[in-house]
Amino acid sequence: MGLLDESLWSGMVYSDGWREANGGVRDVVEPATGAKLGTVGVANATDVATAAAGAAKAQRAWAATPFQERAAILRRAGDIVMANLDELHWWIIREAGSVPAKAGLETHVTAQELYEAATLPSQPRGSLLQSEQPRLSFARKVPVGVVGVIAPFNVAMILGIRSVAPALALGNAVVFKPDPRTAVSGGVSFARIFEEAGLPPGVLHVLPGGADAGEALVADPHVRVISFTGSTAAGRKVGELGARHLKRVHLELGGNSAIIVLDDVDVERAASAGAFGSFLHQGQICMTTGRHLVHEKVADQYIELLSAKAAALPVGDPAREQVALGPIIDAAQRDKIHQLVTSSVEGGATLTAGGTFEGLFYRPTVLTNVQKDTPAYANEVFGPVAPVMRFSTVEEAAELAAATEYGLSLGIMTRDPLKGLALADLIPTGIVHINDQTVSDEAQIPFGGVGDSGTGSRFGGSTANIDAFTETQWVTMRSEIPPYPF
Ligand code: NAD
């Protein structure tokens, strides 16, 4: 029987074992064909309350489990990912409309996240402090208790596991709410992986559900820390609700990341990198290159190359054809993309490639003659759209790149990397790649954005993960109770 054999999970949620949800069931739909792939359970607020209470109960024993045992479970989970790549890829390709290479990247980073998390239980967890009193004084990092994790559809495995794995490793219980559109690859898969790895029941709950379930999770009194990845609009609501309930909330949100192409580059390479940054996974990545800022000396050549690439890239069903782009996740997202493109053209922008769709298959699109307020340039499109803006000086490029409420990723292409780094200093952003496009992720790096891209929290690497998923506790110890004046 395979890891994700339907008979194990069909129509159910994972909460102290597999069980029916109060929120009912939902079809899992393949965006490329509209075919039904299966049925998942859908959680509502009642399911969340039951799960959070169960998680709080299970957490104490889990935190007290010897560190080597917790590490071994995380390592086994990584091994289970690696042993089941074909099945996991099948689901990522079919359910999320990913091309195989993106599915491969997703499972690779997921396994690495698990192996990195496996190193956390054995890390030093505190510091010895000076004290004015005759006592031992130290600060130690303790689990927060129950962590609530909310993730989006686009790179569902990575964006869930990057919080679920370190939170578990550090002795927390987790209630995880994946997006219902990718509930199998980004939800059921985790439950099955950790079930097989030997995680005790009740420590991880996986509850696919909508915004109502997400809000119930944020408000639940058992949940002390929330890790949210998704749009800035929903993140704002999560932040507001979390503040009302005095929760610690980590927010990883939207972006409108720029690449800056200076006039000294290999334009062919730059256009290829730019195309990858804008069109990988149909532009449905938070770090997608949403703005191409190109020096006027090389702009014509860059636009010609980028447009030719866009026109030539095959778009279709990634499960049945060799394509570069698969489908958009659903019709609502496709309509949002098309509305931003058509309103941009109505406002004076020029289409040099794409701008059309068939079903959920949106052609890679290049827009030129854009202004600062052109809708597809000024907003996060979350689709395969590359708006190109010309600049004439480095100062102007810096000003254009910084003129956004977001601050997730930045690419700067130049033959002079130090000049690139000096330019990066002028632009607020959580991630900078000199001589690369904007999309990149590795399990051991501190990932995160600034401005409306997030609260500046970071995931990845032991320092960031320990900060994100523990509390600091001050402890003193004396050999006897001191005398007091009363
Ligand atoms: P979304 O905000 O609509 O949904 C994300 C998740 O939040 C889903 O699980 C959804 O059910 C849940 N949710 C929605 N409203 C909620 C609420 N009020 N309370 C609690 N939970 C709620 O996001 P989307 O549009 O489906 O995903 C794409 C967005 O995510 C883009 O803006 C993208 O840039 C962003 N994103 C950011 C990162 C990052 O690391 N910074 C990574 C990937 C995606």
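The values are calculated or read from the model by the stated rules, or taken from the named source; none is laboratory data. Please read all numbers here as calculations on a predicted model, not as lab measurements. For neighbour counting, all protein chains shown are included, and Cβ atoms are generated from backbone atoms with ideal geometry for every residue, glycine included. Ligands, DNA and RNA are stripped out before the accessible areas are found, and what is left, the full protein with its side chains, is counted by its heavy atoms. Shrake-Rupley method; radii C 1.70, N 1.55, O 1.52, S 1.80 Å.
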Quiz item: segment 1-48 to segment 369-435: how many Å between their Cα centroids?
Solution: 41 Å
Practice problem: Please give the length that would be gained between residue 356 and residue 440 if that part of the chain were fully extended, namely 0.36 nm times their separation in residues minus their C-alpha to C-alpha distance (nm, one decimal). | Solution: 27.5 nm
Self-check item: Residue-wise HN-Hα coupling along segment 247-257, computed from phi with Karplus coefficients 6.51, -1.76, 1.60 (Hz; x: Gly, Pro)
Solution: 9, 7, 10, 9, 10, 10, 10, x, x, 8, 6
Exercise. Multiply the residue gap between residue 86 and residue 272 by 0.36 nm, knock off their C-alpha separation, and tell me the result in nm, one decimal place.
Key: 64.1 nm
Exercise. Pairs of Cα atoms under 8 Å, at least six residues apart: use those to get the relative contact order of the chain, whole percent.
Key: 17 percent
Quiz item: Spin-label point model (7 Å from Cα, Cβ direction): what's the residue 142 to residue 393 distance in nm?
Solution: 5.8 nm
Practice problem: Name the shape class, rounded, prolate or oblate, that the alpha-carbon gyration tensor gives for the chain, where a ≥ b ≥ c are the square roots of its eigenvalues, rounded holds for a/c under 1.5, and otherwise prolate holds if a/b is larger than b/c and oblate otherwise. | Solution: oblate
Quiz prompt | Projected label distance in nm at residue 471 and residue 135, using a 7 Å step from Cα toward the beta-carbon | solution = 1.9 nm
Quiz item: Using 14 Å as the cut-off for backbone N distance, which residues of segment 419-456 belong to the label zone defined by a point 7 Å from the Cα of residue 101 along Cα→Cβ?
Solution: 437, 439-440
Exercise. Could you please put 441, 373 in sequence from largest to smallest accessible area, using a 1.4 Å probe?
Key: 373, 441
Quiz prompt | Portion, in percent, of the accessible area of the chain that falls on carbon or sulfur, probe 1.4 Å | solution = 53 percent
Practice problem: Kindly identify segment 16-118 as rounded, prolate or oblate by the Cα gyration tensor criterion: order the square roots of the eigenvalues as a ≥ b ≥ c, call it rounded if a/c is under 1.5, otherwise compare a/b with b/c, prolate if a/b is larger, else oblate. | Solution: oblate
Exercise. May I ask you to list the residues of segment 120-147 whose amide nitrogen lies under 13 Å from a point 7 Å from Cα along the Cα→beta-carbon direction of residue 60?
Key: none
Practice problem: Provide the solvent-accessible area of residue 91, counting protein heavy atoms only and rolling a 1.4 Å probe, rounded to the nearest 10 Å². | Solution: 20 Å²
Quiz prompt | Per residue value of the accessible surface for segment 257-434 (all protein chains in place, 1.4 Å probe), Å² | solution = 40 Å²
Quiz prompt | 5 angstrom amide H check on residue 248, placed H, neighbours 5+ away | solution = 226
Quiz item: Antiparallel as a % of all DSSP beta bridges within the chain, to the nearest 5?
Solution: 40 percent
Quiz item: Roughly how many whole Å is it from the C-alpha centroid of segment 69-137 to that of segment 232-283?
Solution: 23 Å
Quiz item: Applying the Karplus parametrisation 6.51 cos²θ - 1.76 cosθ + 1.60 with θ = phi - 60° to the phi angles of segment 277-290, what ³J(HN,Hα) value in whole Hz is obtained for each residue in order, glycine and proline being reported as x?
Solution: x, 8, 10, 4, 6, 6, x, 8, 9, 4, 8, 2, 6, x
Quiz item: By its C-alpha gyration tensor, with a ≥ b ≥ c as the square roots of the eigenvalues, how is segment 257-434 shaped: rounded for a/c under 1.5, else prolate for a/b larger than b/c, else oblate?
Solution: prolate
